[in-house]
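Chemist: The structure is given below, and queries will be raised subsequently.
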Amino acid sequence: MKRIIVLGLIAVMLAVTLWGCGIETPQVQAPPGKSGESAVDDVGSPADDIQLSAGELSVHFLDVGQADSILVLLPDRRVMLVDGGNNADGPMVVQYLKRLGITRIHYLVGTHPHEDHIGGLDDVIGAFDVEKVYMPRVAHNTRTYEDLLTAIKARNLKVTPARAGLVLVNEPGLRVEFLAPGGSGYEDLNEYSAVIKITYINRSILLTGDAGFESEEEMLASGADLDADVLKVGHHGSRYSTSDEFLEAVSPDYAVISCGKDNDYGHPHEETISRLAGHGARILRTDREGTVIITYDGRDLKVRTGQPVGK
């Protein structure tokens, strides 16, 4: 019990230091690297035969078992990483990014402080140049959370609170924004999940972390445009996420579920699979398909599966 209390106090003190006293105002950020610096080394050796093309949005749902880690390559080659899997997944995530020639992460997002989402992010921060870090403003009394805050502080980074209304990119043909969390004081830590919508030309991808029914209801009530071609299904396909009302608003063509084979939670739950099927979504599961890569070049949306992570 004493250990838990001490960890909690350390985590809170680090969080106060890293977040500061205020919350940053949502703002449009100019694209970094305009002086010729590139986040992706085009002459390097991409993972396997994956081709990295300018002008293409590429989203990689990494197969990290019963966890989440999503790599987003924006059309101008800015890099976003959303979550980093469990503690043991950190080196694999780092290796995957390095095999793609990535050296810099412009936007690093920890959707919420559960280990299966932030566990590997301290390894990522130690391995790459990171420009901005975003996490919901909620602490957690765990060694994993403390390790992440320590890594952030060691690189002299600050945490920008992730919340509904914060816009990361707002440029012609490209918009990246947070749709949640829309509140605070949630009893369930999952409801703090940062939800991100990426829109490129006329296609959208919605990344929901572990957001459940409560967060979904808030997004619906906010009037936010939830329509998306690709949905990263909330909470690994739990029955407590992805309601019919939410699916009606999102209307996805593809639904990606990040989950581990024969996991102890029984994810994805049959109720969720049934709801997705009822709305006509094609279901892609990392426990069956491996890493799922979805690309959009402004004309064709393509899906590729089976890419290894860290091998």
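Only the coordinates and a few stated rules stand behind these numbers; no lab work does. None of these values were measured; they are calculated from a predicted model. Cβ placement follows ideal geometry from the backbone for every residue including glycine, while neighbour counts extend to all protein chains displayed.
Chemist: Reachable aspartates and glutamates from residue 153, Cα under 16 Å, same-chain residues fewer than 8 places away excluded?
Modeler: 122, 123, 129, 131
Chemist: Right, here's the next one. Kindly provide the trypsin sites (Lys or Arg not before Pro) of the stretch 211-283 that DSSP labels as loop, not H, G, I, E or B, and whose Cβ sees at most 12 other Cβ atoms within 10 Å.
Modeler: Answer in residue order: 261.
Chemist: Shifting gears a bit: Pairs to check: 132/197; 98/158; 98/132; 98/232. Give those whose C-alpha atoms are more than 21 Å from each other in this structure.
Modeler: Exceeds cut-off: 98/158; 98/232.
Chemist: Please identify the GluC sites (Glu not before Pro) of the stretch 140-247 that satisfy two criteria: DSSP loop assignment and at most 10 other Cβ atoms within 10 Å. Which are they?
Modeler: For GluC sites (Glu not before Pro) across the stretch 140-247 that sit outside H, G, I, E and B with at most 10 neighbouring Cβ atoms in 10 Å, the list reads 187.
Chemist: Under a crude label model (7 Å from the Cα following the beta-carbon direction), how far is residue 253 from residue 153 in nanometres?
Modeler: 4.7 nm
Chemist: What is the packing order of peptides 264-273, 89-98, taking the mean over residues of other C-beta atoms within 10 Å and listing the highest first?
Modeler: 89-98, 264-273
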